[in-house]
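The values are calculated or read from the model by the stated rules, or taken from the named source; none is laboratory data. These numbers were taken from a predicted model, which means no experiment stands behind them. In this analysis, Cβ positions are derived from the backbone assuming ideal geometry, glycine residues included, and neighbour counts consider all displayed protein chains. Surface areas here come from the heavy atoms of the whole protein model, side chains and all, with no ligands, DNA or RNA. Shrake-Rupley method; radii C 1.70, N 1.55, O 1.52, S 1.80 Å.
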Amino acid sequence: MKGSKMKTLILGRTAAGKDYLADRLSKKFGFKGVKSKTTRPMRFLYEDTHVFVNQDTADNEKNKVAETEINGYTYYATEEDVEKADYYIIDPLGLYQLVENMPETRFHVVYLICPDELRCKRFMERGKTTVEEFYERNKAEKERFDEFENILKNERKFQLMNNVSVITIYDSSHGQEKDLFGEYRVVHNFEQIENGIHLVNQME
């Protein structure tokens, strides 16, 4: 939709800090995230991280702009879901679909990178999980994130996505990945990335 504020898309592998960043954006700036719909069951009573639907509902949903499958469960959002939000936690497959299906909306991509060891620790701290479960989830998403990183490294202007206006990479490995993404802006300070997202999201 022309004239709408830029939307921020938050990507990262399992336990890279996506929910943590989203929570801080919501508390600090009052930002609203896309509450995507999913066929996966709730992880705990009254979980409100998604809108939980059955497969029939998912199959018959109209106006989907992004859809992906993780561990056999469907995740998706409609154009209305995206338009009324400030940010969207999404995976690479969903991102490719979204920018194609909403060509008049400009997007700010924030990619969170984090060492495997730290991500595994964070994953375990969620409770009732095992190291094996972390690496199973990590393996399931590895191919799509490896491909996404290759695009970042090799497509200097991210030419596949003409309506992606800004790309920011947050590196929590204390600079170990500083040369990984060439010309893209790599940020190591969490407050700096929050304020950057706030500034970019006011652009029209």
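Using bins of 5 Å that start at zero, the share of Cα-Cα pairs per bin across region 78-140 amounts to 3, 13, 21, 17, 11, 13, 15, 5, 1, in whole %. A Gaussian network model of the chain, with springs between Cα atoms under 10 Å, assigns the largest mean-square fluctuation among Pro115, Pro41, Pro103 to Pro41.
For Val65, nonlocal amide neighbours, meaning residues 5 or more places apart or on other chains whose placed amide H falls under 5 Å from its own, are Ala77, Thr78, Glu79. Going down the table (Lys18/Lys142; Lys35/Lys139; Lys18/Lys64; Lys18/Lys121), which pairs top 19 Å between alpha carbons? Exceeds cut-off: Lys35/Lys139; Lys18/Lys64. With the simple spin-label model, which puts each label point 7 Å out from Cα in the Cβ direction, the Ala140 to Lys32 separation comes to 3.0 nm. For Cys114, the solvent-accessible surface computed with a 1.4 Å probe is close to 20 Å², ligands and nucleic acids excluded.
GNM remark for the chain: springs join alpha carbons under 10 Å apart, and the peak mean-square fluctuation among Arg126, Arg40, Arg106 falls on Arg126. With all protein chains in place and a 1.4 Å probe, the accessible surface of region 1-117 carries 49 percent carbon and sulfur. Of Leu11, Leu21, Leu118, which is the most mobile in a GNM of the chain whose springs link Cα atoms less than 10 angstrom apart? Result for the chain, Cα springs under 10 Å: Leu118 fluctuates most.
Leaving ligands, DNA and RNA out of it, work out the accessible area of Val164 with a 1.4 Å probe and give it in Å² to the nearest 10. Per-residue accessible area (Val164): approximately 20 Å². Ligands, DNA and RNA aside, Val131 has an accessible area near 60 Å² when probed at 1.4 Å. Between Glu83 and Asn60, the FRET efficiency from the beta-carbon distance, with R0 = 22 Å, is close to 0.55. Each Lys and Arg contributes +1 and each Asp and Glu -1, all at the Cβ; summed about the Cα centre of the chain, the dipole is approximately 500 debye. Remark: spin-label model distance Glu133-Met42 equals 1.8 nm, labels positioned 7 Å along the Cα→Cβ axis. Surface analysis of the chain yields an accessible area of 56 Å² per residue, using protein heavy atoms and a 1.4 Å probe.
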